Structure formats: C-alpha cells, structure tokens
1. Quick test of the membrane-span-like rule: which DSSP H helices of the chain reach at least 20 Å along their long axis (C-alpha atoms) with mean Kyte hydropathy at least 1.6?
2. Just how far, in whole angstrom, is the range 32-82 from the range 117-138 if you go by their alpha carbon centroids?
3. Please list the non-local residues whose amide H lies under 5 Å from the amide H of Lys48, H modeled 1.01 Å from N, same-chain partners needing a gap of 5 or more.
4. How high is the FRET efficiency between Thr103 and Met1 when r is their beta carbon distance and R₀ equals 41 Å, given to the nearest 0.05?
5. Nearest 20 debye, what's the magnitude of the dipole of the chain about its Cα centre given +1 on Lys and Arg Cβ and -1 on Asp and Glu Cβ?
6. Grab the DSSP H runs of the chain that are 4 residues or longer, score each as -39,500 (n - 2.57), total them, divide by all residues and round the 222 nm result to the nearest 500 deg cm²/dmol.
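The numbers here are math on the coordinates, done by the rules we state, and not lab data. Note that the coordinates shown come from a computational prediction; the quantities given were computed from them, not determined experimentally. Please note: Cβ atoms are built from the backbone with ideal geometry, for glycine as well, and neighbour counts cover all protein chains shown.
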Amino acid sequence: MNSELQDFKVNVKLKLSALWASLVLCYLYGDYFGLYVPGSLQSMLDGKMGPLGATTQGVLIFTSAMMAIPSLMVALSLLLKPAMSRWMNIVFGLVYTAIILMTMPGAWHFYIFLGIIEATLTLIIVWNAWHWPKANGT
C-alpha cells in the first residue's frame, strides 16, 4: 500500500499571492497586539501616531497607502501579466523588507518576532519572483 500523499506543483502566482496574504495577516496581528503595549492607547487618544508624530489626515493617508500596497499585491500577483507581476513583487518585496527592518530596532519582542517572519516572507516573495519560471520551461 502506497502511503505517499499526492502533491502538485503550485503556480508561482498562487505562491506569491499566498505569501502576500500571510504578510498582511502578520501586519494586522502586529498592529493589534501593539494596542496592548502600555501607553499605546493613550498615545492614540492624544492624537499621536508613534514615530510619525501627530495624527493628521496626511499621516493617515500615507500609512493607509503603505498598508494598501501589500493588500493589493494579494490580488495583483494573480491578476497582472507575469512580467509586470514579477517586477512589482521584486520591488515591493524589497521595499517592505527594508521598512520592516527599519521598524524593528528597539521594538517589543513580539514585534521583533513578527518582524522576522515578515522580513522572511518578503524575501521569499522576492526570491520566488526573481526565479519565476520561463515559458519554455527553463
């Protein structure tokens, strides 16, 4: 009796989409758990947004745009033509790796833990996009 489970090759677009979805979930949990850091809620009530300073419409639109990109990459990785998807995954993967690494120093341990996972995910995104299979199978 053969006990080997059937497996199939996952398309690179599906891999990238799943990686971006995982990344977004880590972002959400990190932001949620960050609310439990002492002083976090009071800072929000005082109209401050961490190192970004005062909570203004400009700061909120900037942070909204920054968080919208990974969320959109879940869909764009599947919907865009391969060449465009490949380059967007490489560029945004590297950009978000840098952002994550810049926000980790001095952070609480849970945030560093999630940051390591997030940086790993973005680097895996870059690696998968860089090694996107060619149409002729090479």
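1. On the way: long enough: 12-34 (33 Å, 0.94); 57-79 (32 Å, 1.81); 82-103 (31 Å, 1.24); 109-130 (31 Å, 1.46).
Span-like helices, by this rule, are 57-79.
2. When both Cα centres are located, 26 Å separates them.
3. Long-range HN contacts for Lys48: Thr55.
4. On the way: r = 51 Å, r/R0 = 1.25.
Computed FRET efficiency for Thr103 and Met1 comes out at 0.20.
5. Details: 7 positive and 5 negative charges, 103 e Å.
With only Lys, Arg, Asp and Glu charged at Cβ, the dipole is about 500 debye.
6. -24000 deg cm²/dmol
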